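Notes follow the structure.
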Amino acid sequence: MAGLMPGLMQDWPLTVDKILDHGARWHPHREVVSRSIEGPIVRTTYGAIHERAKKLSNALLAHGIRPGDRVATLAFNTARHIEAWYGVMGIGAVCHTLNPRLFAEQLVYIINHAADRILLADICAASIVEGILGQCPTIEKVVWLSDDGHKPNDLPGVAYERWIADQSAECAWGDFPENTAAGLCYTSGTTGNPKGVLYSHRSNYLHTLMSLQADVQGLSSADNVLMVVPMFHANAWGLAFSGPAVGAKLVMPGNQMDGASILELLETEQVSVSAAVPTVFQMLLQHLEKTGARLPYLKKVLIGGSACPEAIIRRFNDEYDVEVLHLWGMTEMSPVGSVGVPCATVAALPYDDQIPYRLKQGRVPLGVDMKLTDDEGKLLAHDGEKFGRLKVAGHSVAKAYFRGDGGEILDADGFFDTGDVATLDELGYMQITDRSKDVIKSGGEWISSIEIENIAAGHPKVALAAVVGLQHPKWDERPLLIVQMKPGESATKEELLHFLDGKIAKWWMPNDVAFDSVPLGATGKIDKKHIRAKYEGYRWPEAVAAE
Ligand code: ADP
């Protein structure tokens, strides 16, 4: 624009290699501890990770990897996976994280769509790799994240340790525009084919700064962070960037996420902060209940990915003096969207009165904007009552999917429709009431499946609860509650419905209860597509009774 005066500050592209450079230079001895896939707990430092990531960059360059090429990882959270991220991104290549829990067909689709050239894989993913490799012609080389002694010998590929051993630890990173692509992650494809979200260095760097706000993750160099959220999905909520950015100790669970394994790391590494989906913490709490163990070091847990039930928030607070921060986000948002750190008004309330706010998904940090609209795009009031489509904008929100899949994804004001249905209240707290495809449409009104699930999951005998809307001759759809009981427990339908009585509107009351296992999808969320398919054509009790 004519007449604008350029500022005179340094040209310092916001590229993520600078984050690990900083960690290695200013916190070189700070530890990164992993439960290795081979078994033992292994310890390294930001200094050593930096050096080895540079060796990996040189191995990739020697193979012929160039800026923009996709290099895939199929791996759990370990220090080697962190080296892989920075080693790939540092040279301007794109780190494509693959979720080992996806079905083989989805992995094949995603790898071919991304045209990945190299696959860095955990040895525990050997059978997955064996099953898909023949269908992935773009993959030129498999690198097993292990040493010669542990790599699978009956499959092609080289051991990571051998591959990087003779490489130099000198490699120029960065020095490209900050809008260069850094990472690629596909959404799980609960609707249609998976779509690729292509993060840039700038979006990841700014997301890191945003996440470090006290009202978001609020990490400090004194924190020991157990990063359970996987690096293969939605950037591990940015923790693999914010750890080295502040010099926090990172602790990683490898592929062991059961209660006992998590507790061991919490204790031995004196973990102060952890982050995971609700099911992981549910397993931890069950384990604590069984063993009577305490959590003397843990101060704060970040819980998101699906709605956090009240029982988890209460038990962490009341029994273990651990603060739960509920957060919401999605792959398309890098992923952080909102966090439930109490604002001044809420913090001033007695704890019991804070609960309704703590159950909500929180408020936006600087860098995210949010709006609520009806189906026609008309703005809805922030009254905490009206449900609408939740739309977002920000420096770390996708503007298009990889290769243009899905076409135009922003509205006229540049907002992305999250596919979530939510309310916003006067204090700016957002609450997800459903995913738009899961909302139950009963007699022209909407019922929130999530709200019923949260309450049902609080029943002391219930392990997992899911609610889906199924066809109903009179009401269009009605809710069916599916409950998976805790081991050894049983209950009647009446007992569970009675538990909901008075806690939800009468017309939200599920028409029936099914005792069944609740399937979880590849990202730990309840797999409603699966449930709907299983219960298709379900016959409601009144229809059966009328026969
Ligand atoms: P997918 O790949 O399944 O789309 P994401 O991991 O990107 O998965 O999931 C994002 C979605 O997860 C959000 O749109 C929202 O529906 C759900 N979600 C995330 N956090 C929460 C939360 N705290 N409460 C309720 N739902 C959540």
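Please treat every number below as a calculation from the coordinates, not as lab data. Values in this document were obtained by computation on a predicted structure and should not be read as measured data. Every residue, glycine among them, receives a Cβ derived from its backbone with ideal geometry; neighbour counts consider all protein chains shown.
Dividing the mean sequence gap of close Cα pairs (under 8 Å, 6+ apart) by how many residues the range 11-202 holds gives a relative contact order of 24 percent. Shape analysis of the range 149-269 places it in the rounded category; the axes a ≥ b ≥ c from the Cα gyration tensor give an a/c below 1.5.
Basic side chains Lys and Arg get +1 at the Cβ, acidic Asp and Glu get -1 at the Cβ, and with that the dipole of the range 11-202 about its Cα centre reaches some 320 debye.
Label 7 Å along Cα→Cβ of VAL158; the range 119-141 residues with amide nitrogen under 15 Å? Backbone N within reach: 119-121, 140-141. Extension gain for the segment GLN213 to ILE41, taken as residue separation times 0.36 nm less the Cα-Cα distance, is 58.8 nm to one decimal. Mean projected area of the Cα convex hull of the range 68-157, taken over all directions, amounts to 5.4 nm². Within straight-line reach of LYS18, meaning a Cα separation under 12 Å, sit the following aspartates and glutamates at least 8 residues removed in sequence or on another chain: ASP175, GLU178.
Shown is the FRET efficiency for MET9 and ASP405, computed with R0 = 56 Å from the Cβ-Cβ distance and rounded to the nearest 0.05: 0.90. Mind grabbing the base-10 log of I(q)/I(0) for the range 207-340 at q = 0.18 Å⁻¹? Debye formula, identical points on the C-alpha positions, no solvent, two decimal places. Once normalised to I(0) and log-transformed, intensities are -0.96.
For the range 48-75, the residues whose amide N sits under 19 Å from a probe point set 7 Å from the Cα of SER168 along the beta carbon direction are 50-67.
Quick one: length gained pulling ASP369 to ALA104 fully straight, 0.36 nm per residue minus the C-alpha distance?
Fully extending the segment from ASP369 to ALA104 adds 91.8 nm.
Taking the Cα centre of the range 438-545 as reference, the dipole from Cβ charges on Lys and Arg (+1) and Asp and Glu (-1) amounts to some 160 debye. Please report the net charge: other residues with Cβ closer than 12 Å to the Cβ of LYS249, K and R +1, D and E -1. Local charge sum for LYS249: -1. Once you reduce the range 87-164 and the range 485-517 to the center of their Cα atoms, the two points are 44 Å from each other.
Values of log10 I(q)/I(0) for the range 438-545 across q = 0.11, 0.15, 0.16, 0.24 Å⁻¹ run -0.31, -0.59, -0.68, -1.53, by the Debye formula with one identical scatterer at each alpha carbon and no solvent.
Given R₀ = 56 Å, what would the calculated FRET efficiency be for HIS22 paired with ARG539, taking r from the Cβ atoms and rounding to 0.05? Using R0 = 56 Å, I get an efficiency of 0.35. The charge dipole of the chain, taken about its Cα centre with unit charges on the Cβ of Lys, Arg, Asp and Glu (plus for the first two, minus for the last two), comes to roughly 560 debye. Potential lengthening of the chain between ASP147 and GLU31 amounts to 39.6 nm, from the contour at 0.36 nm per residue minus the alpha-carbon distance. Projected over all directions and averaged, the alpha-carbon convex hull of the chain occupies 28.0 nm².
Taking only C-alpha pairs under 8 Å that are 6+ residues apart, what is the relative contact order of the range 18-94 in percent? Numbers along the way, then the final one.
Details: 93 pairs, mean separation 24.1, N = 77.
Once divided by the residue count of the range 18-94, the mean separation gives 31 percent.
Calculation over all alpha carbon pairs of the range 11-202 in 5 angstrom steps from 0 returns a P(r) of 1, 8, 17, 20, 21, 17, 10, 4, 1, 0 percent.
If I take all pairs of Cα atoms in the range 50-90, what percentage of them are more than 17 Å from each other?
Details: 193 of 820 pairs.
Pairs farther apart than 17 Å: 24 percent.
Computed over the chain, the per-residue total of -39500 (n - 2.57) for DSSP H runs of n ≥ 4 gives a 222 nm mean residue ellipticity of -8500 deg cm²/dmol, rounded to 500.
Annotation: for a label point projected 7 angstrom from Cα along Cα→Cβ of THR268, residues of the range 212-234 with backbone N closer than 19 Å are 224-229. Cβ-Cβ distance of LYS486 and ALA347, R₀ of 25 Å, FRET efficiency by 1/(1 + (r/R0)^6): the value works out to about 0.15.
Structural descriptor for the chain: relative contact order 10 percent, calculated from alpha carbon pairs under 8 angstrom and at least 6 residues apart. Look at the dipole of the chain built from charges on Cβ: of ILE91, GLN270, LEU61, the Cα furthest out on the positive end belongs to LEU61.
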